[in-house]
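First comes the structure, then the notes that go with it.
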Amino acid sequence: MSSAAGVVGEAARERGTIRKFLSLVMIEHSIFALPFAYIAALTAMWQQTASVHWRQLVLITVAMVSARTVAMSANRILDRDFDALNPRTARRELVTGELSVAAAWVGTAIALAVFLLCAAALNRTCLALAPVAVVVLVLYSYGKRFTDFPQALLALAQFIAPLGAWIAVAGGAGAAAVALGIAVGTWIGGFDLIYSCQDAAIDRQIGSRSFPARFGVVAALRASWVVHAGTVAAFAWFGAAAGLHAWWWTGFALTAAVLIYEHVIVRPDDLSRVNRAFFTANGVIGIGLFGFALLDLLAHGLTA
C-alpha cells in the first residue's frame, strides 16, 4: 500500500508541476498570437490550392504554442530577480518557489524540442530558420538590460509568427506575409508600450530598462499611438497585397476602432484599465479579425 501511495503521490506532484509551468508561461495567452498565424497560413493555402491543408495547420498550431512557451519560460527564468523586486510580479511561480528553476528549464527544453520537430516536419526552410526564430524570441528577455527599446525586440519576435506560418505553407514569403508580420509586431509592440507604463517607476528603481522608464508615461502612450497607426496601415497593406475582399475590410475597420478604444480608456493619470485593454480589447482584435478573414476566404473559394 505504501508503495502504491508513493506512486500516486509522485504522479500528483508531477501534475502539479506541469500546472505550475503552464501557469508560469500563461499558456492561455497563446490565443493572441495564434489567430494571426492562422490568417497567414489559410491565406497562403487559399492562394496556392484554395483548400485547407490540415496536417500543416496542426503542425503550425503546435509549433506556435511551443515557440511561445520557449519565449515565455525563458523570459520568466531570466527575469526572476527583476520580478522579485516588482510588487506586480512578485507572486510569479519562480519568485515564490512554487516552481523550481530546474523544472522551468526542463519545460523550456521540452517546448524547444517540440518546436524544432514541428519545424522539421513542415519543410526544410522552416527548420533552417527555426534557430534564428528561437534567438529572436529569447533576445527580448535580455533587452531590458541593454536598451531602452525592448518593445522593438518584442515587435521583432511577434513579426516572426505570421511570417513563419506563411513560409510553412508556401516555402517562402512575399509582400502580404511581410505586411501581416509588421501589423502583428507593431500591434503587440505598441501595446507593450502601454502595458509597461504600469512599471515605469519601479523599473527606474530596480534598473530594468524600458521606454516608459526612460522617457516617461506620457511619451510612451504617445509613441504607442504612432506605432498603432502603423499597425492599421500594415493591416491595410496586407489586405490589399493578399487580394482580400469585403469581409476582411469590415474586420479591418472594427480592428481600427478597437485600437482607438484601447488608447481612449488608458490615460497617463489613470492606468487602472490597462488590463481591460489587454485581455478584452486585444482578445477581440485577435479572434475577431481572424473570424472576418476566415469568412472572406471561405466566401471566395477556400474549402476544407
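Filter segment 126-160 down to the residues that are polar (S, T, N, Q) and under 16 Å from the mean Cα position of the chain (by Cα), then identify the one that is modelled with the lowest pLDDT.
Going residue by residue through segment 126-160, those that are polar (S, T, N, Q) are 141, 147, 151, 158.
Filter once more, so that each one left must be under 16 Å from the mean Cα position of the chain (by Cα): 141, 151, 158.
Numbers: SER141: 78, GLN151: 91, GLN158: 89.
Of everything passing the filter in segment 126-160, SER141 is modelled with the lowest pLDDT.
Let's see how each residue does on (1) among the small types (Gly, Ala, Ser); (2) touching a residue at least 12 places away in the same chain (Cβ under 8 Å); (3) surrounded by fewer than 17 Cβ atoms within 10 Å (Cβ to Cβ):
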site	(1), (2), (3)
ARG68	no, yes, no
ARG88	no, yes, yes
ALA113	yes, no, yes
LEU117	no, no, yes
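Every residue in segment 244-262 that is surrounded by fewer than 17 Cβ atoms within 10 Å (Cβ to Cβ) and in contact with a Gly (Cβ under 8 Å, 6 or more places away or on another chain), please. TRP249, LEU254, listed by residue number. State whether the residues of segment 198-209 include one that is in contact with an Asp or Glu (Cβ under 6 Å, 6 or more places away or on another chain) and over 19 Å from ALA299 (Cβ atoms). There is at least one residue in segment 198-209 that is in contact with an Asp or Glu (Cβ under 6 Å, 6 or more places away or on another chain) and over 19 Å from ALA299 (Cβ atoms). Whether a residue is surrounded by fewer than 16 Cβ atoms within 10 Å (Cβ to Cβ), farther than 24 Å from LEU163 by Cβ and aliphatic (A, V, I, L, M) was assessed, and ALA233 does not pass this test. Return only the number of the condition from (1) outside any helix (DSSP H, G or I); (2) in contact with a strand residue (DSSP E or B) (Cβ under 9 Å, 6 or more places away or on another chain) that MET45 does not satisfy. Status for MET45: all satisfied but (1).
For segment 80-129, please list each of the helices (runs of 4 or more DSSP H) lying entirely inside it that holds at least 2 residues being farther than 14 Å from SER23 by Cβ and of a type outside the set (Asp, Glu).
Working: elements: 80-85, 93-96, 101-122.
Those helices (runs of 4 or more DSSP H) span 80-85, 101-122.
Residues in segment 169-188 that are in contact with a Phe, Trp or Tyr (Cβ under 9 Å, 6 or more places away or on another chain), assigned to a helix (DSSP H, G or I) and buried (at least 20 other Cβ atoms within 10 Å of the Cβ): ALA176, ALA177, ALA179, LEU180, GLY181, ILE182, ALA183, VAL184, GLY185, THR186, TRP187, ILE188. Restricting attention to segment 136-158, does a residue exist that is closer than 20 Å to GLN56 by Cβ and either surrounded by 23 or more Cβ atoms within 10 Å (Cβ to Cβ) or without any contact (Cβ under 8 Å) to a residue 40 or more places away in the chain (or both)? Scanning segment 136-158 turns up no residue that is closer than 20 Å to GLN56 by Cβ and either surrounded by 23 or more Cβ atoms within 10 Å (Cβ to Cβ) or without any contact (Cβ under 8 Å) to a residue 40 or more places away in the chain (or both). In segment 189-301, counting only helices (runs of 4 or more DSSP H) that sit wholly within it, the ones holding 3 or more residues that are touching a helix residue (DSSP H, G or I) at 6+ places or on another chain (Cβ under 8 Å) and under 22 Å from GLN158 (Cβ atoms) span 211-215, 217-242, 246-265, 282-299. Looking at SER73, is it in contact (Cβ under 8 Å) with a residue 24 or more places away in the chain, part of a helix (DSSP H, G or I) and surrounded by fewer than 23 Cβ atoms within 10 Å (Cβ to Cβ)? Answer is no for this residue.
The values are calculated or read from the model by the stated rules, or taken from the named source; none is laboratory data. Model, not experiment: these values are computed from the prediction. Methodologically, a virtual Cβ is constructed for each residue, glycine included, from the backbone with ideal geometry; neighbour enumeration extends over all protein chains shown.
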